[in-house]
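Engineer: Below you'll find the structure I mean.
Just so you know, all these numbers are worked out from the coordinates, no wet-lab data involved. Being a predicted model, the structure only gives us computed values, none of them experimental. With ideal geometry, Cβ positions are generated from the backbone for all residues, glycine too; neighbour counts draw on all protein chains shown.
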Amino acid sequence: MTMRALVTGGSGSIGSETCRRLAAAGYHVLVHASRNFARAKSITAEIIEKGGSAEPICFDVADRIAVERALGDVLEAGPIQILVSNAGVHDDSPLAGMSPEQWHRVIDVSLHGFYNVCRPLLLPMIGTRWGRVVAVSSIAGQVGNPGQANYAAAKAGLHGAIKSLAREVASRGITANVIAPGIVAGDMTDGVFDQDFIDRTVPAKRAGKPEEVAALIAFLASEDASYISGQVIGVNGGMS
């Protein structure tokens with residue numbers, strides 16, 4: 001039976017590249033989207049056209065009831081053994097002027113969303129005695145970033161959750177890791193960072209590519225990474 005992988009935020013730049021990589025590795029990929037379901041359908045069609053296996057799925061990761069309903073239907077067909085928790089949003093403001101809505105929405109999606117999706121998948125995954133959980137974080141969760149206290153808090157919370165999960169499930173053949181990208185070209189950064197800023201802050205003098213992040217995710221999802229767990233791995237061109 002083909003192993004299944006769920007990529008939340010699969011319609012975004014890093015998410016879509018991750019879906020392509022996992023499909024190329026032979027997994028059946030569930031391409032998740034919340035608002036941009038048309039994009040998830042397009043990526044699914046592209047994967048299938050190239051001989052891979054995929055299906056689109058739509059839910060808001062911050063809505064626990066909707067997540068449980070959607071994943072309950074998916075799990076009827078069997079376990080999901082690879083979770084890439086990539087869904088996230090940012091809504092920036094200095095903390096002194098940040099509204100409660102800005103604070104809660106970013107944490108609801110980026111941190112609570114991880115819990116909402118991961119928890120229902122764990123017992124079925126444990127039953128197979130093999131699994132991979134990869135959470136996509138940010139360098140902001142390691143060093144902070146002005147105007148992103150909400151985002152940095154959510155991502156730092158992911159680090160603690162993954163490190164704890166890694167200890168809980170290691171004896172069941174399951175690994176859990178965090179990838180913390182720096183500046184990566186794509187949906188969330190286009191038009192935000194100019195080349196002068198990149199030259200001053202990134203030793204590599206360029207933004208990363210979504211493909212470079214997806215390559216690491218695919219490796220951590222593979223059998224070759226079976227002894228790597230509980231790690232926060234930066235992909236940031238030497239920023240930290």
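Engineer: Multiply the residue gap between SER240 and ILE65 by 0.36 nm, knock off their C-alpha separation, and tell me the result in nm, one decimal place. Walk me through the numbers on the way to the answer.
Structural biologist: Numbers: separation 175, 0.36 × 175 = 63.00 nm, distance 3.79 nm.
The span from SER240 to ILE65 would gain 59.2 nm if fully extended.
Engineer: Near the amide H of ILE233, under 5 Å away, which other amide H atoms are found, from residues 5 or more places off or on another chain, if H is placed in the peptide plane?
Structural biologist: HN-HN under 5 Å from ILE233: VAL178, ILE179, ALA180.
Engineer: Within the chain, how many Lys pairs sit with Cα atoms under 28 Å apart, leaving out pairs fewer than 8 places apart on the same chain?
Structural biologist: Taking the chain as the scope, the lysine pair count is 8.
Engineer: Segment 27-104: which trypsin sites (Lys or Arg not before Pro) are DSSP loop and have at most 13 other beta-carbon atoms within 10 angstrom?
Structural biologist: For trypsin sites (Lys or Arg not before Pro) across segment 27-104 that sit outside H, G, I, E and B with at most 13 neighbouring Cβ atoms in 10 Å, the list reads ARG35, LYS50.
Engineer: Measuring from the lowest to the highest alpha carbon on each principal axis, how far does the chain reach, largest first, in angstroms?
Structural biologist: Largest first, the chain extends 49, 37, 36 Å along its Cα principal axes.
Engineer: Would you please classify the overall shape of segment 37-157 from the alpha carbon gyration tensor, given that a ≥ b ≥ c denote the square roots of the eigenvalues, rounded means a/c under 1.5, and beyond that prolate means a/b larger than b/c while oblate covers the rest?
Structural biologist: It is prolate, given that a/c is not under 1.5 and a/b is the larger ratio.
Engineer: Okay, next question. Go through segment 51-57 residue by residue and turn each phi into a ³J(HN,Hα) via Karplus (6.51, -1.76, 1.60, θ = phi - 60°); whole Hz please, and just put x for glycine and proline.
Structural biologist: Once θ is set to phi - 60°, the couplings for segment 51-57 become x, x, 10, 7, 8, x, 8 Hz.
Engineer: Please list, in order along segment 18-33, the HN-Hα scalar couplings obtained from phi with the Karplus expression 6.51 cos²θ - 1.76 cosθ + 1.60 (θ = phi - 60°), rounded to whole Hz, x for Gly and Pro.
Structural biologist: Couplings: 5, 4, 5, 5, 5, 5, 5, 7, x, 8, 7, 10, 8, 8, 8, 8 Hz.
Engineer: Pick out which of THR128, THR175, THR18 has the largest mean-square fluctuation in a Gaussian network model of the chain, springs linking Cα atoms closer than 10 Å.
Structural biologist: The residue that fluctuates most here is THR128.
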